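The values are calculated or read from the model by the stated rules, or taken from the named source; none is laboratory data. No experiment lies behind these values; they were computed from the predicted model shown. Every residue, glycine as well, gets a Cβ built from its backbone with ideal geometry; the counts of neighbours run over all protein chains shown.
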Amino acid sequence: MEEQSVHSSISDINSEEAVRSEPMIIPRKKRICLIGAAGDDPALGAAAQQFSVPVLKSETGLEHVEDTSYCTYFISKKFEGPEYDALHKSAHRILGPTALLQLAEKKDSLPSINRPMYTQAMVGTVVVFTGFRKKDELTKLINMIHNMGGSIRKEMGAKVTHLIANCCGGDKYRYAVTFRVPIMSMEWVTALWNAKDNVSSYGNNEELIATCKLKPFFGAKVCFFGFPDEEKRHMCEVLQQQGGESTEIDDPNCTHVVVDESNVNALPDLASVRAHIVKAEWFWTSVQNEGAADEKEYLFEDYLESVLSPTISVRRDSQQAATPSTASTRRKRKRLAETLSSLVQNGADSPALHKRRSSISDAGHLSVSGSFLDCTTSPDKPLLDEVEAVNTDSSRKNLSPRHQVFLELVQTESNYVGILSTIMTLFKSPLEDLIDTTGELLNGTEAKIIFGNFPPIYEVHKKMLEELRYSATHWMEDISIGNIFLKFAPDLVKAYPPYVNFFENTKEMLDQCDQTKPRFHAFLKVCQTKPECGRQSLKELLIKPVQRLPSISLLLNDILKHTSKNNPDHSALELSISSIKEVMTYINEDKRKTEGQLVMFDIFNEIDNCPPHLVSSHRSFIGKCDVMELSEGLSGRGDHLVLFLFTDTLEICKKRSKAFNSLKSPNTANGLHTTKLSQGKPYKHIRMLSLSTIKKVVDIRETDECHKVFALMVRSNQELKEKLFSFTITDEEVNKTNYLRTLCRQMANTVCKADADTFLISLDSHQLEIDTSDVALGTLSKAFKSLFHNFYLEYMDPYVFLLNSMCETTLHVPLPSVFAPGLHLVRE
């Protein structure tokens with residue numbers, strides 16, 4: 001009954017067109033007649049001339065209706081009224097002004113059409129309707145489509161390009177979801193018709209299609225049952241965004257009850273409600289695929305029968321585990337066969353036989369789960385099963401402590417490899433397979449940042465697990481466990497640092513994509529419902545490699561405790577533990593180095609006029625120290641400087657005042673004046689000092705007047721004598737002794753000397769003639785001078801500039817100095 005009104009409306013209109021067109025004899029000669037306002041439009045007149053046929057003008061065109069010696073193309077801006085109806089019933093053709101302009105623009109010939117066509121916006125579009133009950137509404141839509149050059153069919157088939165739906169269900173809807181036929185709302189048709197005078201408006205516009213696609217839950221009233229409050233609120237928000245409406249379980253109009261299978265173990269009572277009771281996977285799969293999934297493949301009842309029913313418990317016999325072959329599984333297979341049968345009932349018209357789409361998307365939608373997320377389970381575990389068969393409570397008493405801990409190691413390694421395999425098969429592979437397709441969830445760059453450093457870890461642990469399993473099945477007390485880890489230590493060193501070092505980038509990209517890509521977010525939620533994930537999110541799974549090596553180290557230490565010194569494996573275990581610790585140390589050191597190199601880019605971007613060669617692959621950042629200069633050789637006595645220490649150089653910058661940086665000229669918005677301070681960089685480059693040029697670091701002994709003071713004795717090959725730069729540390733958190741030792745250690749590394757202490761000497765301030773008594777006064781004086789200078793540049797200079805311009809323009813003389821007191825002084 002649901003489709004009856006649609007079929008009858010389409011049949012009525014098609015039959016009317018057939019009756020009207022039967023007696024027509026279309027002559028071969030053609031001409032164009034511009035009617036009414038169309039005749040006054042010069043653009044239409046010019047377009048009509050391009051077809052090389054006679055062009056007429058008329059107020060109504062009715063005088064040419066009886067003339068059948070020509071096939072007249074009436075160009076009318078009105079597609080309604082008695083005059084239009086008279087032209088419509090004639091043996092001639094009607095075009096709208098937009099269609100004529102589009103034909104002329106594409107240099108096409110006048111089309112052989114039976115229906116009036118106002119615009120070519122839907123030419124080549126074949127549409128099927130579903131879910132419409134109001135005949136008047138449907139008739140209006142059909143007329144719009146015909147007047148835009150589109151075609152309409154009753155049933156889905158290979159030639160159908162779009163489904164226009166008013167609900168998120170039914171056979172036609174299911175066909176469209178399965179074979180990736182765009183499902184549009186009726187707003188798509190009305191939007192095109194409202195833009196009928198726009199020559200560039202076409203139905204295949206990607207932006208318009210994205211806007212007018214039918215949302216996955218359009219018309220659905222969904223109840224979320226058994227979810228935590230926070231998750232329920234989130235799902236309700238997503239439901240509303242995707243066109244649905246949330247409701248309670250006792251609502252008689254409820255269409256779907258989505259159940260959290262992890263918290264609910266019985267069917268909810270729906271005595272007064274007829275609704276689909278489905279798992280959460282149905283909801284997220286629908287969001288991901290941008291179309292409501294087939295409820296039959298996600299029934300909560302089937303889940304209860306296959307997973308929670310005590311009659312379906314997994315039993316092992318002497319050789320293999322029993323597979324849950326149940327009535328539920330058989331029903332699923334039967335329903336799948338019925339679905340496929342109904343989808344291809346048109347035989348030769350089926351896209352499965354003709355319009356073959358992406359094998360990935362098709363295979364996914366024809367799977368039992370109704371999603372392309374089908375994947376293999378955890379890796380095959382026959383050897384592990386044998387280990388588990390031995391590792392029972394009754395038999396463990398007969399195992400040595402060393403053997404027991406080793407079996408625990410094998411078990412944890414097997415679990416770990418299973419997690420790695422899940423990441424590869426459930427997340428990485430499906431996402432990468434969809435790159436550069438219409439169903440893309442992540443682009444290539446995003447996928448590489450998230451998964452690029454992951455495969456090497458999976459490969460090395462997969463190989464290592466094979467050898468551990470072999471040892472478990474061929475166990476002897478003197479079997480060498482340590483040699484297995486020694487064998488794979490070089491591979492671990494190569495695999496782990498890139499992953500651990502850039503794990504923060506991985507998390508940031510994952511969070512960003514999760515928050516900005518709704519379909520990717522739905523993909524992650526679907527995967528999280530899979531048994532392989534154990535209810536863990538992708539972020540929680542990706543952190544496992546960061547935690548694995550410390551876990552291995554602890555287990556190997558435990559095995560070593562239960563291994564006698566006479567056992568040949570004792571020394572191998574000690575070496576393997578050392579190798580694992582070396583791997584972790586290398587990771588930590590490499591991570592510190594990588595972080596130092598990343599910080600270097602940030603520092604470079606914060607320094608005005610910073611030398612480009614500061615950024616180097618062999619250099620990394622060590623530390624930062626705020627100081628005040630006590631000498632005159634760099635920036636000037638009393639200036640606030642910042643020392644950025646790197647592995648081989650010292651970048652010296654002047655620290656700009658935050659107050660001055662934030663000053664804005666009142667005329668800046670008008671473009672009259674902009675100072676250098678408005679650039680926003682907090683530091684200005686003073687000097688880049690290579691550590692090899694620093695000969696000594698002088699620690700000035702502490703006194704009441706001399707606090708946290710040190711000096712650098714510098715001499716390069718180009719300089720004849722040494723220079724002395726003295727500073728006092730102004731950063732309260734910096735310990736002078738520690739900082740100077742760190743500086744000396746980097747100096748020693750730079751010149752390849754083992755003893756860093758030879759670079760550090762201690763002296764009294766009077767020995768180097770360092771005076772700190774007037775530092776505060778000098779600082780105040782310089783600060784006042786800087787303040788006055790910046791105040792003038794920000795507030796006075798724009799007005800002086802204007803007055804000077806006016807004087808030179810009108811009086812042809814420069815501005816008298818009386819108008820700018822202190823100008824010469826400040827500019828000096």
- Note on the structure: Checking P228, P216 in turn, the sole residue that is surrounded by fewer than 17 Cβ atoms within 10 Å (Cβ to Cβ) and closer than 30 Å to D269 by Cβ turns out to be P228
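Okay, residues lined up against (1) closer than 26 Å to L399 by Cα; (2) outside the structural domain of P545 (by TED's automatic domain parsing); (3) assigned to a helix (DSSP H, G or I):
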site	(1), (2), (3)
I457	no, no, yes
E466	yes, no, yes
W475	yes, no, no
S480	yes, no, no
P490	no, no, yes
V493	no, no, yes
- What number of residues within region 81-106 satisfy the criterion of being under 43 Å from the mean Cα position of the chain (by Cα) and in a loop (DSSP other than H, G, I, E, B)? 0
- Message: Looking at the structure I just gave you, is S692 assigned by TED's automatic domain parsing to the domain that holds L634, among the hydroxyl-bearing types (S, T, Y) and surrounded by fewer than 18 Cβ atoms within 10 Å (Cβ to Cβ)?
- Response: yes
- Of the residues that sit in region 475-518 and are touching a residue at least 40 places away in the same chain (Cβ under 8 Å), farther than 23 Å from S553 by Cβ and not basic (K, R), which one is surrounded by the fewest Cβ atoms within 10 Å (Cβ to Cβ)? N505
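Here are L554, L573: which of them is without any contact (Cβ under 8 Å) to a residue 24 or more places away in the chain and either outside any helix (DSSP H, G or I) or not polar (S, T, N, Q) (or both)?
L554
Among the listed residues Q547, Q536, which satisfies the condition of being surrounded by fewer than 17 Cβ atoms within 10 Å (Cβ to Cβ), free of Cβ contacts under 8 Å to residues at least 40 places away in the same chain, in a helix (DSSP H, G or I) and not aliphatic (A, V, I, L, M)? Write out each step before concluding.
On the way: Q536 fails: in a helix (DSSP H, G or I).
That would be Q547, the only listed residue that is surrounded by fewer than 17 Cβ atoms within 10 Å (Cβ to Cβ), free of Cβ contacts under 8 Å to residues at least 40 places away in the same chain, in a helix (DSSP H, G or I) and not aliphatic (A, V, I, L, M).
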- By residue number, the members of region 94-145 that are surrounded by 22 or more Cβ atoms within 10 Å (Cβ to Cβ) and free of Cβ contacts under 8 Å to residues at least 24 places away in the same chain are I94, L95
- Query: Can you name the residue in region 274-295 that is aliphatic (A, V, I, L, M) and either in contact (Cβ under 8 Å) with a residue 60 or more places away in the chain or touching an Asp or Glu at 6+ places or on another chain (Cβ under 6 Å) (or both) and, of all such residues, is farthest from T255 (Cα to Cα)?
  - Reply: V287
- Message: Being of a type in the set (K, R) and part of a helix (DSSP H, G or I): is that true of R174 here?
- Response: yes
- Task: Search region 54-73 for residues that are among the basic types (K, R) and pair each with any residue that is surrounded by 13 or more Cβ atoms within 10 Å (Cβ to Cβ) and assigned to a loop (DSSP other than H, G, I, E, B) when their beta-carbon atoms are under 7 Å apart and the residues are at least 6 apart or on different chains.
- Result: none
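To keep it simple, each residue is scored yes or no on (1) modelled with pLDDT of 90 or more; (2) among the β-branched types (V, I, T).
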{"site": "D626", "(1), (2)": "yes, no"}
{"site": "L641", "(1), (2)": "yes, no"}
{"site": "F644", "(1), (2)": "yes, no"}
{"site": "K654", "(1), (2)": "yes, no"}
{"site": "S665", "(1), (2)": "no, no"}
{"site": "A669", "(1), (2)": "no, no"}
{"site": "V698", "(1), (2)": "yes, yes"}
{"site": "C706", "(1), (2)": "no, no"}
{"site": "E719", "(1), (2)": "no, no"}
- Query: Within region 220-238, is there a residue that is of a type in the set (D, E) and either modelled with pLDDT under 90 or more than 29 Å from the chain's Cα centre (by Cα) (or both)?
  - Reply: no
- Message: With the requirement that a residue be surrounded by 15 or more Cβ atoms within 10 Å (Cβ to Cβ) and touching a Ser or Thr at 6+ places or on another chain (Cβ under 8 Å), what does region 236-246 give you?
- Response: C236, L239, Q242
- Message: Could you list, ordered by first residue, the pairs with Cβ atoms under 6 Å in which the first is in region 732-748 and without any contact (Cβ under 8 Å) to a residue 60 or more places away in the chain and the second is among the acidic types (D, E), at least 6 apart or interchain?
- Response: L740/D699
- Would you please name the residue that is surrounded by the most Cβ atoms within 10 Å (Cβ to Cβ), looking only at residues in region 431-447 that are part of a helix (DSSP H, G or I) and without any contact (Cβ under 8 Å) to a residue 60 or more places away in the chain? A447
